[in-house]
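Here's the structure we're looking at; comments come further down.
The values are calculated or read from the model by the stated rules, or taken from the named source; none is laboratory data. Everything quoted here is computed from the prediction, not taken from an experiment. Here the Cβ is made from the backbone with ideal geometry for all residues, glycine too, and neighbour counts use every protein chain on show. SASA here: full protein model, heavy atoms, side chains in, ligands and nucleic acids out. Shrake-Rupley method; radii C 1.70, N 1.55, O 1.52, S 1.80 Å.
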Amino acid sequence: EHQKRKEKRKRGEFVPSNYEISIVRKDGEVRHLNVFRREVIWNGETQFQVLHEDITERKRAEEALRESREKYKELVDFLPQTVFEIDETGNFVFANRHGLETSGNTQQDIDKGLNALQLFIPEDRNRVRENMRRILAGERLGGTEYTAMRKDGRTFPALVYSVPITRGGKPAGLRGLVIDITERERAEEALRESEERYRTLFDSSLDGIAFHNMEGRILDANQAYLDMLGYTMGEIKKLTYLQLTPKKWYKTEARIVEDEITERGYSDEYEKEYIRKDGTVFPVSLRRWLIRDEKGKPVGIWGITRDITEHKQLQDEKAEWERKAHVASRLASIGQMAAGVAHEINNPLTAVIGYARLLQTKKDIPGDIRQDIDIIHEEAQRVANIVRKLLAFARQQKPERKLVNINDTISTTLDLRAYSLKTNNIEVTTQLDPDLPMTLADASQLQQVFLNIILNAETEMKLAHGKGKFLVKTAQVNNNIRISFEDNGPGIAEENLDRIFEPFFTTREVGQGTGLGLSLCHGIVAEHGGRIYAQSKLGKGATFVVELPIIL
Ligand SMILES: Nc1ncnc2c1ncn2[C@@H]1O[C@H](COP(=O)(O)OP(=O)(O)OP(=O)(O)O)[C@@H](O)[C@H]1O
Ligand SMILES: [Mg+2]
């Protein structure tokens with residue numbers, strides 16, 4: 001450049017007197033200089049006066065400013081929100097790219113003159129105008145929500161922040177930010193909806209749901225929980241779940257809270273009991289899980305509780321039916337086996353008894369051997385007796401039904417035992433319903449049933465106290481005849497109540513009972529379409545009840 005200027009001057013061409021040059025300092029740094037060059041007459045000669053002004057700093061500042069402007073513009077254009085400037089009349093001076101895109105306007109629209117009011121729905125314009133005035137007057141408004149309107153008429157919720165621009169101490173316009181809050185509103189709405197959905201679930205759940213803090217105090221509960229326990233919300237919030245739990249569950253539940261809920265965050269389903277406000281206790285099944293705060297610290301436990309009273313009852317009933325079916329099938333199979341065994345024993349037994357009799361009639365037998373033969377005969381008779389009972393039990397004869405007056409059958413059976421009962425100090429009372437209807441039944445089979453029951457009572461009372469009281473009642477209950485035999489003997493242990501009807505169940509000493517009496521009764525009564533059961537408490541006597549359908 002320097003060389004060119006020199007040559008131009010030599011040729012007499014025009015060279016500007018003010019230009020810039022760059023120089024290299026001794027230390028290698030480049031600096032920029034502004035050169036002013038002018039002709040002067042010095043000592044009568046034409047000379048040049050050259051002024052060098054170092055403009056390096058100014059150049060740098062200019063560069064920095066340019067860069068900063070670019071950076072700012074880039075950033076502003078890059079922002080996913082609208083940035084704007086308007087003058088004091090509301091006309092747009094500037095809008096960033098996002099602003100133009102979302103409002104549907106172009107730079108030309110702004111250049112032609114676009115007023116901010118046009119970007120809001122008409123209903124909001126007065127408010128916008130008023131707020132603009134207030135901000136220009138120096139008031140700080142913070143974010144304000146409006147409904148913004150695009151050029152195509154579509155609207156969206158907007159949050160606007162703006163501050164005044166002042167020029168020469170006077171307000172010259174506004175500068176600010178517009179945030180499209182459609183997403184935020186949608187998220188809020190979604191959250192509200194989801195909360196509502198869960199609240200509805202919570203409120204309408206048939207299972208009780210409750211939340212308590214780590215001290216056990218109940219903080220929230222749904223209607224089902226309140227109904228189940230009989231408390232109001234106000235009352236339940238003053239309680240801890242332990243106050244609702246019978247003491248005997250404390251240990252088990254504390255173990256579940258420690259080992260399951262705090263360890264891994266939830267419990268398996270488990271059963272316990274709760275106490276209602278009225279003091280009644282009922283069984284529940286529940287499942288609980290731990291709630292932690294953002295820092296992971298446990299803050300409480302949620303629980304879903306179900307009242308399982310009915311479920312338990314059903315389970316008990318089912319078990320009862322299963323037990324009954326079991327007894328019945330056992331009776332049947334034992335009956336078959338008993339019949340077989342009895343027949344097998346009967347033939348050899350007849351021979352034993354026959355030969356024993358034959359020997360007894362012989363004259364030439366020594367006395368001590370005769371005694372042995374008598375014992376053989378007696379014991380064989382006992383075996384025969386057992387076999388007879390077995391057969392009776394096993395035969396399961398169809399009853400031969402005739403019209404029977406049950407009161408009469410009872411009376412004759414009692415008469416059979418009258419002497420023995422009296423000698424055993426047993427006081428017999430009867431309350432026989434004189435209006436008892438007749439029914440079709442096998443009288444001799446029924447007599448066997450009654451006899452077995454009377455014999456048992458007699459034996460038990462004699463063994464226990466050497467005396468006793470015996471009450472026999474008959475009555476019509478619905479379409480049944482109910483006969484009950486009540487004694488004040490030793491009673492039956494609860495665990496035996498179910499077993500006494502099983503064949504061979506006996507508490508008597510060996511040789512004293514076969515345990516077939518009541519199973520025989522059971523078979524006969526069942527064959528009549530009725531039922532037999534015992535009610536008793538150990539030490540409080542026993543009552544045997546026979547119910548027979550009235551068949552005419
Ligand atoms: N009235 C009663 N009081 C107390 N226990 C009774 C009474 N009746 C029956 N039992 C109990 O029921 C058991 C079974 O009675 P069951 O009549 O079937 O047999 P058993 O009397 O022992 O023998 P078996 O009648 O065959 O000679 C008895 O051993 C006894 O323990
Ligand atoms: Mg008996």
Checking GLU495 against (1) assigned to a strand (DSSP E or B); (2) open to solvent by 40 Å² or more (accessible area, probe 1.4 Å): exactly one of these is not met. Which one?
(1)
Whether any residue in segment 52-72 is in a strand (DSSP E or B), out of contact with any Pro (no Cβ under 8 Å at 6 or more places or on another chain) and aromatic (Phe, Trp, Tyr) is what I want to check.
no
Out of segment 448-469, which residues are assigned to a loop (DSSP other than H, G, I, E, B) and open to solvent by 60 Å² or more (accessible area, probe 1.4 Å)?
LYS467
Only one of these is open to solvent by less than 100 Å² (accessible area, probe 1.4 Å), farther than 26 Å from ALA475 by Cα and not in a helix (DSSP H, G or I): ILE373, ILE365, ILE353. Name it.
ILE365
Total residues in segment 31-49, condition free of Cβ contacts under 8 Å to residues at least 12 places away in the same chain and open to solvent by less than 100 Å² (accessible area, probe 1.4 Å)
4
Taking segment 402-424 and keeping residues open to solvent by 50 Å² or more (accessible area, probe 1.4 Å), aliphatic (A, V, I, L, M) and in a helix (DSSP H, G or I) leaves LEU416
Only one of these is out of contact with any strand residue (DSSP E or B) (no Cβ under 6 Å at 6 or more places or on another chain), closer than 19 Å to GLY515 by Cα and modelled with pLDDT of 90 or more: GLN381, GLN371. Name it.
GLN381
Quick one: how many residues across segment 127-160 are over 20 Å from LEU100 (Cβ atoms) and either over 49 Å from the mean Cα position of the chain (by Cα) or assigned to a helix (DSSP H, G or I) (or both)?
14
Tell me, yes or no, whether segment 161-184 has at least one residue that is open to solvent by 30 Å² or more (accessible area, probe 1.4 Å) and part of a loop (DSSP other than H, G, I, E, B).
yes
Any residue that is in a strand (DSSP E or B) and either within 23 Å of SER205 (Cα to Cα) or modelled with pLDDT of 95 or more (or both) - is there at least one of those in segment 306-324?
yes
Pair list, Cβ under 6 Å, 6 or more apart: segment 508-522 residue under 29 Å from PRO399 (Cα atoms) and open to solvent by 20 Å² or more (accessible area, probe 1.4 Å), other residue within 8 Å of ligand 2 (Cβ to nearest atom) and outside any helix (DSSP H, G or I)
GLY513/THR506
For the condition assigned by TED's automatic domain parsing to the domain that holds LEU446 and within 12 Å of ligand 2 (Cβ to nearest atom), what is the one hit in GLY489, GLY515, GLY523, GLY529?
GLY515
Please give the number of the condition LEU440 fails out of (1) away from ligand 2 (no atom under 16 Å from the Cβ); (2) farther than 14 Å from GLU547 by Cβ; (3) not in a strand (DSSP E or B).
(3)
Would you mind stating whether THR429 is within 15 Å of SER411 (Cα to Cα) and in the same structural domain as GLY530 (by TED's automatic domain parsing)?
yes
Given the criterion in a helix (DSSP H, G or I), closer than 18 Å to ILE481 by Cα, under 58 Å from the mean Cα position of the chain (by Cα) and of a type in the set (S, T, N, Q), identify the matching residue among GLN431, GLN445.
GLN445
Within segment 197-277, considering only helices (runs of 4 or more DSSP H) that don't extend past its boundaries, which have at least 1 residues that are open to solvent by less than 60 Å² (accessible area, probe 1.4 Å) and among the aromatic types (Phe, Trp, Tyr)?
223-229
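For PHE78, indicate whether it is among the aromatic types (Phe, Trp, Tyr) and under 24 Å from THR166 (Cα atoms).
Working: among the aromatic types (Phe, Trp, Tyr): yes; under 24 Å from THR166 (Cα atoms): no.
Criteria not met by PHE78.
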What tally of residues in segment 292-317 results from selecting those that are free of Cβ contacts under 8 Å to residues at least 60 places away in the same chain, open to solvent by 90 Å² or more (accessible area, probe 1.4 Å) and either of a type in the set (A, V, I, L, M) or under 22 Å from LEU229 (Cα atoms) (or both)?
4
Of the residues in segment 427-445, those that are open to solvent by 50 Å² or more (accessible area, probe 1.4 Å) and polar (S, T, N, Q) come to THR429, THR430, GLN431, SER444
